[in-house]
1. For the pair Lys284 and Trp179, what calculated FRET efficiency results from E = 1/(1 + (r/R0)^6), where r is the Cβ-Cβ distance and R0 = 60 Å, to the nearest 0.05?
2. Compute the signed sum of charges (Lys and Arg +1, Asp and Glu -1) over the other residues within less than 13 Å, Cβ to Cβ, of Thr33.
3. Exceeding 18 Å between C-alpha atoms, which entries from my cross-link table qualify? They are Lys80/Lys213; Lys85/Lys140; Lys143/Lys284; Lys140/Lys398.
4. Give me the orientation-averaged projected area of the Cα convex hull of segment 1-197, in nm², one decimal.
5. Viscosity 1.002 mPa s, temperature 20 °C: what is the translational diffusion coefficient of segment 219-312 from Stokes-Einstein with a Kirkwood Rh over Cα pairs, rounded to a whole number of µm²/s?
6. Take the Cα radius of gyration of the chain and divide it by 2.2 N^0.38 Å, with N its residue count; two decimals is plenty.
7. Given the -39500 (n - 2.57) contribution per DSSP H run of 4+ residues, what per-residue ellipticity at 222 nm results for the chain, rounded to the nearest 500 deg cm²/dmol?
8. When Lys and Arg each count +1 and Asp and Glu each count -1, what net charge do the other residues less than 13 Å away from Val390, Cβ to Cβ, add up to?
Amino acid sequence: MEPSKDEKSAAGLFLVPALTIAFFSTCIIESITSIFLIDLATTFFGAPDSVSLAITGQLVTLASVVSVVFGILLGVLSVKYDHKKLLFSGVFCIALGTLGCLLAPNFFFMQVFYPLEGVGTVIVSAMSLALIGELLVLAKRGKAMGWLLSGASIAGILSSVVIYFFFSNAQGWRPFLLWFALPIALVSLVAVFFGVPSASQRSVSTGENIYFKTFKQILLKKSSAACLIANMIRHTAIAYAMVWVVSFFRANFGLSISSSTLFTIGNLTLFTLGSIVGGHLVNKIGRKRQIILMMLLASPALIAAAFIPNLWISVILHYTFFFMSSMGYPASMSLTIEQVPDSRGTMMSINAIFITLGLALGGAVGGVALVLGGWISVLLSFAALSLIAVAIYFFFTKDPCAQ
């Protein structure tokens, strides 16, 4: 039995801040495999040569693989177990993974505990979105989604600033985990425990075929399956912002590392603003209409940037692409979460798998495009992927909440 409308209306007071803090905690530890990658290689292998960097970088790959496998298990667990308890277990995994990485005496322990944080990230991402659908009335879900998704980019901004001012010295990754990442994870545990209402009052079927029926309902329904595929392709394009864009500017315009950092902070700031603004527009524009509109407006900017030799114009075009894309993010998640109302936990667990696959695929697509056709080919490939996602949203998805 789902909470009543009155219960849903009252749930939002502490729910959204608590979930945003939990979402925030998922994007802190990733800094050690980006900003501190060289320091990690030095700590565990003695020198940051190409081999040690390549091995250390595979922590991200390992975490992605483990996350995908666990995402399937989470889809099963979310059918039976209370989503708040699953969310709390996810934040606990993040805290335990952070502590394990902090105390890791060798690289083997890093290979154990870093993926554990990735498991926690999958759980928190999926269950946070599912709980918004379960505990908030429809009119509040879009705004809540915008605030929730902004937590990830705020974490990126704050981590960069904190590292720059306090932990930029050599071997600063352990103090960063001790004094910043771990306290954030512990605060998230408290926030989830006290701020998120339990959804345990809903009735849960436990028949032997319920798991198969739930997955079948999601994967064989045209609109829900299309949402998953479109989200995967869309995040393949988003991987451009996460993996390739800084290298594009450094290779084509000679941007320094410090200037690249400022560009990244600007990018994350726009993603934060776009997510919040987009969340407020969901009810006015409509879920399906908004994601299609924003991606149609974003893609031409990236196409134009492929052929513009001027640095500042290219920056403006890229920022336009990122801002418009981020405004569609709450709409795409809102559209996805409404596809199968009775199985939101499983739906968002599977969605987390597709998103992870999309981000991984984006790295591969960019690499192939760069080798075959240079940077112009890279930008055009990601713009084309965005338009393919638009076509899938337009022709194959349906907004169950549309008037």
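Any read-out appearing in this document is the output of simple, stated calculations on the displayed coordinates, not a laboratory observation. Predicted model, so just to flag it, every value in this text is computed and none were measured. Quick reminder, even Gly has a Cβ in these numbers, built from the backbone with ideal geometry, and neighbours come from all protein chains shown.
1. So the FRET efficiency works out to roughly 0.90.
2. Local net charge: -3.
3. Lys85/Lys140; Lys140/Lys398
4. Mean orientational projected area (segment 1-197, Cα hull): 11.0 nm².
5. The diffusion coefficient I find is 138 µm²/s.
6. For the chain, the normalised Cα radius of gyration comes out at 0.95.
7. -28000 deg cm²/dmol
8. Result for the neighbourhood of Val390: +3.
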